[in-house]
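Supplied in structure tokens, the structure appears directly below.
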Amino acid sequence: MKKVTKSLIAVTLSLCLAFSCAMPVLAAPSQSNSAVTVAEELYDGASEAAAKTVRTAAAKVQKLGCDLPDLGTDTGKTGFMAKVKTIVAKVVNFISNFFINFVVAGVLKTVIPDANTVASLEDFDLDSYEGFFPGMEEFIDEPAANAEWSLGYSRKSIMPSNFGEKSYAKGAYLPYIFGNEMYKDDDGVDEELRVRTVVMNDGSGRGSVAFCSVDAMGLCNADVRKIRVALEEFAKANNIVGINVSCTHIHTGIDSQGVWTDPAGDLFHNILKKDEDVTTGVDPDFLNAVIEGCKASVIEAYKGMTSGKLMYSKIDIAEYLRDRTAPKCYDENLYKLAFVPFDASVQPTVIATFGCHPESSSYDWNAKDENGKTVYDTKFTSDFVWYIEKLLNSQGYNFIYIQGNVSTTTSSRGLTADGIDGNAHYSAVRYGYEIGYILLGMEMDEAGRKALNEASGDKLGVKENAGKENYSVWYEGLPTVTAVEVKPVLNVANRAFTVQISNNAIALIGKTSISNNFVLRDKLGRVFTVSEVGYMEIGDVLKVYMSPGETFTELLKGGYGADGFEFKPIREELGENVIIMDLMNDAAGYVANTENFVMVGLQYDPEKDKFDTDTWCIISYGKNAARDFIGNFYQLVESKRG
């Protein structure tokens with residue numbers, strides 16, 4: 001167990017004692033440095049007496065509003081100890097959430113004045129808030145007579161015109177890291193930040209729907225609406241009924257959310273100079289480039305629409321992914337939609353989605369200068385997305401990556417590292433190429449993959465490295481999957497709503513306009529914003545929950561991580577062919593089961609009998625975000641499907 005985790009548990013248990021609501025039997029003796037060890041000693045001493053004591057202490061904690069599992073009467077080591085450890089984690093998290101959210105962030109949110117952009121919730125009319133596209137009024141089950149798929153593709157740069165002269169903040173992990181240079185790829189070409197767009201139509205006469213995927217950490221709903229407003233006239237004239245904007249979620253692009261540029265400067269300016277225009281960390285030159293890039297790409301994609309067939313396939317890439325936190329639940333599949341135009345002279349398009357943080361380039365924390373000082377990488381990159389696209393383009397395909405059910409999932413580098421030295425950026429290169437090869441070769445046999453590898457220039461060095469220790473050949477052992485043709489049925493709808501930001505740290509960022517979120521405050525002082533969810537059906541092969549945040553996968557797949565949540569897991573409710581596209585039309589942060597929500601604390605993993613540190617929901621709208629988002633999603637589905 002990490003030292004910081006042990007310290008957190010020790011401090012938490014001390015606080016429990018101070019408030020007379022702790023489990024005194026868990027107070028650690030001087031030689032013990034682990035709550036797990038203490039709990040095991042508790043069991044070994046006298047399980048019946050311990051169980052009674054723990055139940056009494058748990059009852060006291062529950063009076064404070066901390067929901068704890070019932071210990072029951074099972075005093076067997078496995079059942080009893082798992083419940084004790086679950087209680088330890090919940091007590092740690094309850095006190096941590098209380099201290100961080102209410103004592104620290106709550107006080108700051110109360111005493112720091114609002115920026116002049118904060119509006120009154122009571123005076124707000126959601127229906128008149130511009131920039132919302134509800135999608136299709138009617139859903140259909142079968143294609144219209146003689147219907148065919150139509151699709152158009154476009155890709156545009158979103159690099160500000162002054163990039164290279166002006167420095168921009170990286171939307172990464174630490175604020176105040178500025179740069180004005182992009183990484184070059186292995187051909188010496190500057191990577192660039194892009195928006196990739198597809199516009200789709202099923203031939204039913206109900207309109208077209210656009211999907212934009214932006215190389216950025218995330219875009220708040222207010223900025224998504226600015227993109228839609230810029231396209232409003234064109235959309236109305238051409239019956240585009242939906243415009244959905246997602247982000248690839250790269251951690252090495254230009255700050256698109258405002259919190260990494262100058263949070264302290266923006267805060268003080270906005271609270272001290274309320275008679276002036278607010279400043280935000282989202283650079284206006286960059287935001288304008290995003291808006292104009294999205295606008296141009298939607299228009300070009302629409303004008304380039306052509307008819308064709310749509311093919312669907314999926315492949316298990318679990319070995320290329322890993323979940324960082326209990327319950328280690330993630331969507332292990334890569335999903336592929338390939339549009340093949342009837343006109344052979346038109347380039348086909350691959351739409352790929354899988355849940356993975358594109359942050360391979362983000363972890364060069366150990367780089368040092370000649371004086372031993374940590375050096376942070378100031379170059380920008382679109383991470384593995386660039387290299388998937390580069391490979392697919394070389395084989396004659398357009399490409400768009402739409403972030404999937406990202407949760408706390410990141411890349412597992414075991415198969416792509418191959419024992420080859422390189423910096424963090426080089427790991428993104430290799431990961432991107434390998435995922436690209438899988439995308440291209442998933443329907444091929446091994447002979448076809450070998451031919452593909454040869455024709456594409458052997459980007460992973462199979463010829464040079466095959467047979468070396470730690471080297472894995474990408475096509476060996478890869479299963480062959482079958483693509484199925486998708487009938488031309490596209491159903492898309494969106495639902496907008498106000499949601500409370502109960503995470504006071506995020507509320508503070510919003511109400512002081514450090515970020516671009518549209519913020520409302522009610523008469524009780526509670527802070528709200530506008531968000532939205534979406535529901536899509538593609539033929540009869542896929543249903544999609546278009547989520548505004550980073551949804552914990554147990555809310556999709558179920559399992560013990562979903563225990564206590566007030567709604568059924570999505571696949572249990574709607575079927576196994578449901579997937580999630582996260583960060584769609586908002587950047588709401590992590591979306592966790594209310595029962596497991598923690599800003600800084602622990603999750604107990606009963607399957608591995610260990611504690612994991614958990615800090616993800618420090619970036620979240622709050623404890624009830626999952627309830628609000630999935631509740632609205634189910635209402636949307638109900639309104640369309642009954």
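Antiparallel as a % of all DSSP beta bridges within the chain, to the nearest 5?
75 percent
Report in % the part of the accessible area of the stretch 114-206 that belongs to carbon and sulfur, leaving out ligands and nucleic acids; probe 1.4 Å.
44 percent
Using alpha-carbon pairs under 8 Å, 6+ residues apart, how would you state the relative contact order of the stretch 176-290 in percent?
Result for the stretch 176-290 is 24 percent.
Give me, ordered by chain and number, the residues 5 or more places off Thr553 or on other chains with an amide H under 5 Å from its own placed amide H.
Thr408
At 0.36 nm per residue, and after removing the present C-alpha to C-alpha distance, how many nm does the segment from Glu607 to Asn180 gain when stretched out fully?
149.1 nm is the gain from fully extending Glu607 to Asn180.
Let me ask another. Which is the longest run of the chain containing none of the trypsin sites (Lys or Arg not before Pro) found in DSSP loop states (not H, G, I, E, B) with at most 10 other C-beta atoms within 10 Å?
Between exposed loop sites, the widest span is 3-372.
Still on this structure, please answer the following. Of the cross-linked pairs Lys303/Lys640; Lys226/Lys379; Lys568/Lys623; Lys568/Lys610; Lys274/Lys511; Lys236/Lys303, which ones have a Cα-Cα span greater than 19 Å in the structure shown?
As for pairs spanning more than 19 Å Cα to Cα, those are Lys303/Lys640; Lys226/Lys379; Lys568/Lys610.
Also, I was wondering about something else. Taking a ≥ b ≥ c as the square roots of the Cα gyration tensor eigenvalues, with a/c under 1.5 meaning rounded and otherwise prolate when a/b beats b/c, else oblate, which class fits the stretch 213-287?
It comes out oblate by the Cα gyration axes.
For the chain, calculate the relative contact order in percent as a whole number, restricting contacts to Cα pairs under 8 Å that are 6 or more residues apart.
Normalised by residue count, the contact order of the chain is 16 percent.
Also, quick follow-up: Using 7 Å Cα-to-Cβ label points, what is the Ser128/Asn423 separation (nm, one decimal)?
5.3 nm
Normalised by the number of residues in the stretch 157-236, what is the relative contact order in percent for Cα pairs under 8 Å and 6+ residues apart?
This gives 21 percent for the stretch 157-236.
Could you compute the net charge surrounding Val214? Neighbours are other residues with a C-beta less than 9 Å from the C-beta of Val214; K and R count +1, D and E count -1.
+1
Of the listed values (1) 30.0, 101; (2) 25.4, 78; (3) 27.5, 100, identify the label whose number matches Rg and Dmax of the Cα atoms in Å calculated from this model.
(2)
Compute the angle between helix 446-455 and the longest alpha-carbon principal axis of the chain, please, reported from 0 to 90 degrees and rounded to the nearest 10.
Once rounded, the angle reads 70 degrees.
Give me the one-decimal nm value for the distance between modelled label points at Ser394 and Tyr376, 7 Å along each residue's Cα-to-Cβ direction.
Here the modelled spin labels are 3.4 nm apart.
Same structure, new question: Obtain the nm distance between the two label points defined at Glu142 and Val229 by a simple spin-label model: each point lies 7 Å from its Cα along the Cα-to-C-beta direction.
That separation, rounded to one decimal, is 4.4 nm.
Could you let me know the centre-to-centre spacing of the stretch 88-132 and the stretch 482-561, using Cα atoms, in angstrom?
17 Å
May I pose another question? Which length gain, in nm to one decimal place, applies between Lys273 and Asn577 when the Cα-Cα distance is subtracted from 0.36 nm times their residue separation?
Extending this stretch completely gives an extra 104.2 nm.
Next up: Would you be so kind as to identify which of Tyr153, Ile227, Leu310 lies farthest towards the positive end of the dipole of the chain, taking Lys and Arg as +1 and Asp and Glu as -1 on Cβ and the Cα centre as origin?
Ile227
For Val189 and Thr110, compute 0.36 nm times the residue count separating them, minus their Cα-Cα distance, and round to one decimal in nm.
23.5 nm
Ok, one more. If Lys and Arg each add +1 and Asp and Glu each add -1, what is the summed charge of the other residues whose beta carbon sits under 9 Å from the beta carbon of Pro548?
The answer is -3.
Per DSSP helix of 4 or more residues, -39500 (n - 2.57); summed, then divided by the residues of the chain. What does that give at 222 nm, rounded to the nearest 500?
Calculated from helices alone, the mean residue ellipticity at 222 nm is -9500 deg cm²/dmol.
What does the accessible area per residue of the chain come to in Å², with a 1.4 Å probe and no ligands, DNA or RNA counted?
That works out to 40 Å² for each residue.
Here's something else I'd like to know. Quick one: angle between helix 77-97 and the longest Cα principal axis of the chain, in degrees between 0 and 90, rounded to 10, please.
80 degrees
Here is a further query. For the stretch 307-412, state which GluC sites (Glu not before Pro) are in a DSSP loop and have at most 10 other beta carbons lying within 10 Å of their beta carbon.
Those that pass, being in a loop and sparsely packed, are Glu370.
The values are calculated or read from the model by the stated rules, or taken from the named source; none is laboratory data. Please read these numbers as outputs of a predicted model, since none were measured by experiment. Cβ atoms come from the backbone with ideal geometry, glycine included; neighbour counts cover every protein chain shown. Accessible surface is based on the protein model in full, side chains and every heavy atom, while ligands, DNA and RNA are left aside. Shrake-Rupley method; radii C 1.70, N 1.55, O 1.52, S 1.80 Å.
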